[in-house]
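In what follows, a structure is listed as structure tokens, so that the remarks can point back to it.
The values are calculated or read from the model by the stated rules, or taken from the named source; none is laboratory data. Being a predicted model, the structure only gives us computed values, none of them experimental. Note: ideal-geometry Cβ built from the backbone for every residue, glycine included; neighbour counts use all protein chains shown. For accessibility, only protein heavy atoms count, side chains too; no ligands or nucleic acids. Shrake-Rupley method; radii C 1.70, N 1.55, O 1.52, S 1.80 Å.
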Amino acid sequence: MSDLLRRIRLPLLFAGLLLVTTSLMVGDRAVQQAGGSDHGMFAGALLGFAGWVQGVVSAPADAAGAAFDRYIGLVDVAEENRALRARIAELEEDNLQFREALVASGHLQRIAEMRAGFEVPLLPSQVVGHDLSSWFRSVLIDRGQSDSVRSGMPVVTDAGVVGVVTATSSGASRVMMLLDRRSAADAIVQRSRARGIVHGQGTDALEFVFMVRGDDVMPGDVIITSGVGGVYPKGLRVGEVVSVQTDRDRLLHTARVRPVVDFGRLEQVFVLLERGPTMELLYDGDAPPTTASSEDGP
Amino acid sequence: MRRTLALLVLGLAGISLQGALPAWVPAALVPDASLLATVAAALLLGPAEGLVLAFAFGLTADLLSGALLGQHALLRTLELPFIRVVSAQLDLRRGLPLATFVLGLGALDALGMLGLGRVFVGPLPLGVAALGPVLAAIVATAVVAPLAVGIARAVVTKLDESAVRREMRLDTRRPAI
């Protein structure tokens, strides 16, 4: 009996591992279709550990880059400093006058109330790791559940949309970038308000699929999020149309879009600490205490 | 056991480093550490330990990439017996045969990703823009393979030597008569 067990131990182990991996894939496929997951203890610890290691390894490169930028920045800095000081003095004077006028008319209070209603708290975060696979586009950031980051939260930079958080651990999170071919966002052309869907293609460009009405979309047009779809707030910049492929026989047409975010040089990003309504529905069970979300966003 | 643990630590460190390397070199030129760790495990460990490590390396790669959980793990689990079969037929201790074999293995791995992607996620991109970085990463992995396996082999040999030395030291303490 023990001889038999010894002989079939290896095939059993092999078959068991194949079964486990297949089950994991089927299970994770369902999870990813629902938007992502907040990892369990072991997976979370591994994600956190990798985030820490990758942060340590990236740090010298970041520091060298920052030092180089500082050195370059020193050139002409005295002249620029003088000009900026003069400009600040002018603006402070203007600002003071405007504030006085607003306070006098009671507008300041109303503006403050309006901002509170629209603003979503932003959490600054560093990109510490990139996707291990060339087939997918995601990054690892150094903020996780302990910073109130949850799966489904949008991630942006000052330039525009980066992607959405798909997995979190205590101290790190994975962000699926808009470039990933599984990413999509409802978007509009800023100029003509033509509406469509922006898809990632797994490359450095995006695809905008839309229904043609005349010349709704042209090269140079800026694409922004529409707020529909409940993932990204309205008005975030996505990219610029590079070329349009129109075929009059087809209902849907496509445009090639160059992202406004330089995904190859991502360093600092901001997590919007509030999920859109769709994501809120998907993650109803683990929803953190948030303020009321708005379809129109900030 | 010490060999297995050492390779596990080396592999996990390599996989973690892989994600940080794009800060230094273009992402397309970063070798696939989980594939290299699997090759090292297949060549330096027994079949059962190798299988478990290959699965662990694949799972770690899944966690640190946008892939489905289990996607790399399945491929690594399938690749390990394949590497062992090939290494029984060919001498993979030399650099050139090993690099050539890893080049082929990387191509098979890419085909595996395409196949699994088609079944579980939907068709993966096949254009030049998408395949270029994949091919570059396969070549980078093949180039680095002899060095990576050499480091793993050196660590394992060192551990074996220290174990032998410890046994010898115990022997010398016995009374001469």
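Here are a few things to note about the model shown:
- Residue in segment B:145-152 that is on the phi < 0 side of the Ramachandran plot, open to solvent by 50 Å² or more (accessible area, probe 1.4 Å) and either at pLDDT 80 or above or of a type in the set (Asp, Glu) (or both) present: yes
- Scanning segment A:239-262 for residues that are among the hydrophobic types (A, V, I, L, M, F, W, C) and at pLDDT 85 or above yields A:Val241, A:Val242, A:Val244, A:Ala255, A:Val257, A:Val260, A:Val261.
- Flag for A:Val228 being farther than 30 Å from B:Leu135 by Cβ, open to solvent by 40 Å² or more (accessible area, probe 1.4 Å), within 21 Å of the chain's Cα centre (by Cα) and of a type in the set (Val, Ile, Thr): yes
- Scanning segment A:165-176 for residues that are under 11 Å from the mean Cα position of the chain (by Cα) and open to solvent by 10 Å² or more (accessible area, probe 1.4 Å) yields A:Thr166, A:Arg174, A:Met176.
- Residue in segment B:53-66 that is in contact with a Leu (Cβ under 7 Å, 6 or more places away or on another chain) and more than 28 Å from A:Gly48 (Cβ to Cβ) present: no
- Set B:Ala37, B:Ala42: member being touching a Phe, Trp or Tyr at 6+ places or on another chain (Cβ under 7 Å), under 18 Å from B:Ala154 (Cβ atoms) and at pLDDT 90 or above: B:Ala37
- Only one entry in B:Gly95, B:Gly106, B:Gly14 is under 20 Å from A:Trp135 (Cα atoms) and at pLDDT below 90, namely B:Gly14.
- Qualifying residue in segment B:83-94 (condition: in contact with a helix residue (DSSP H, G or I) (Cβ under 8 Å, 6 or more places away or on another chain), within 12 Å of chain A (Cβ to nearest Cβ) and of a type in the set (S, T, N, Q)): no
- Residue count for segment B:26-48 under the criterion of being open to solvent by 20 Å² or more (accessible area, probe 1.4 Å), more than 10 Å from every other protein chain (Cβ to nearest Cβ) and assigned to a loop (DSSP other than H, G, I, E, B): the result is 1.
- Checking the stated criteria, B:Leu59 turns out not to satisfy the condition of being open to solvent by 20 Å² or more (accessible area, probe 1.4 Å), in contact (Cβ under 8 Å) with a residue 40 or more places away in the chain and more than 7 Å from chain A (Cβ to nearest Cβ).
- When A:Arg87, A:Arg115 are screened for being at pLDDT 75 or above, basic (Lys, Arg) and either assigned to a helix (DSSP H, G or I) or not assigned by TED's automatic domain parsing to the domain that holds A:Lys234 (or both), only A:Arg87 passes.
- With respect to the conditions (1) in contact with an Asp or Glu (Cβ under 8 Å, 6 or more places away or on another chain); (2) surrounded by fewer than 23 Cβ atoms within 10 Å (Cβ to Cβ); (3) under 23 Å from A:Val271 (Cβ atoms); (4) within 14 Å of another protein chain (Cβ to nearest Cβ), A:Gln201 falls short on a single one, namely (3).
- Among the residues making up segment A:130-148, a single one is more than 27 Å from B:Phe57 (Cβ to Cβ) and in a loop (DSSP other than H, G, I, E, B): A:Ser148.
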